[in-house]
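Everything on this sheet refers to the single structure shown next.
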Amino acid sequence: MRHPITIGTRSWVGVNLNPMTSGKFLVAMPCLALATGALTFLATGVLGQVLLDDYSVSDEANYNYLPVFNNPADGWNVSSGELRPTIAGNATGAWLWNRGEQLSAVGDSVSITLSLPTGADNQLRSSIGLFLSPQLNSASSMMEVVLNRYPDGSYSMFWPSGGIIGATISGPVQLTIKLIAPMQRGTIYEIIASGGGFQSPEGGPMFTTNTSSLFFGPLAYNTAGTQAGLDNLIFTPVPEPPAFAIFGMLTLATAVTRLRRYHHTNK
């Protein structure tokens, strides 16, 4: 939660008030207190998670489908409260969220729950995760963070420029990607994975991009015939101070100026 704006206080005890004008001054005091309290309230931001999709219903219109690799058919499939994509064989498909949310401010994050208890019966790995792209309608300059399951039942997790081999997975894993810092020519992101017996390293692995913002959405590779499931796409934005708090600041400044004038003219 953001810290509220703190307004400096001044003790008015012992001020010599003119009986003819002190009523105006005392009336103004509650107004100042009210303005201060209102401004403090309006300037307080709270980080709030936004559940973009819990896949209780199928609503693919909220996504742009991209045949990322080997041009697979759109395998969107929602069943039993999960996204259960059916991307067949050696191919990758992704669905970018198109309702406006992006990773664009320091502190913004997106998370999704991944479940991959079985793999495809074709001697290829199966993968699910988050797809990231600076463009909503293109897979160029794309990145992906994925949980892989291999034919022998072992797992790994990969992200841009790194990965963990031989991860032990015993249940659903929550994957989170968070924008943590700007650079001169891009941004830095942190990856946090937890649950299912898996825990990412302290501080999380990181990767960088040369863009200021990223679209995001679920991704699947070789998931046809598997029990791959993705659930609870959650966006956590960093709130901006409400615009009307600026007007509150102006109102407060005006009130303080008037009080000072009362005090100066009635010494």
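Read-outs throughout are calculated quantities, based only on the coordinates presented, and are distinct from any laboratory measurement. From a predicted model like this one, the values you see are computed outputs, not experimental measurements. Because the Cβ atoms are built from the backbone with ideal geometry, glycine has one as well, and the counts that use them run over all protein chains shown.
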Please express the Cα-Cα pair-distance distribution P(r) of the stretch 50-236 as a list of whole percents, one per 5 Å bin, running from 0 to the bin with the greatest distance. 1, 9, 18, 22, 22, 16, 8, 2, 0, 0
How would Met157, Met183, Met143, Met206 line up from fewest to most surrounding beta-carbon atoms within 10 angstrom? Met183, Met206, Met143, Met157
Would you mind classifying the stretch 136-241 by shape? Square roots of the alpha carbon gyration tensor eigenvalues, ordered a ≥ b ≥ c; an a/c under 1.5 is rounded, otherwise it is prolate if a/b is larger than b/c and oblate if not. prolate
Can you put Asp53, Asp231, Asp121 in order, fewest other beta carbons within 10 Å first? Asp121, Asp231, Asp53
Relative contact order of the stretch 50-236, please, whole-number percent, based on alpha carbon pairs below 8 angstrom and at least 6 residues apart. 33 percent
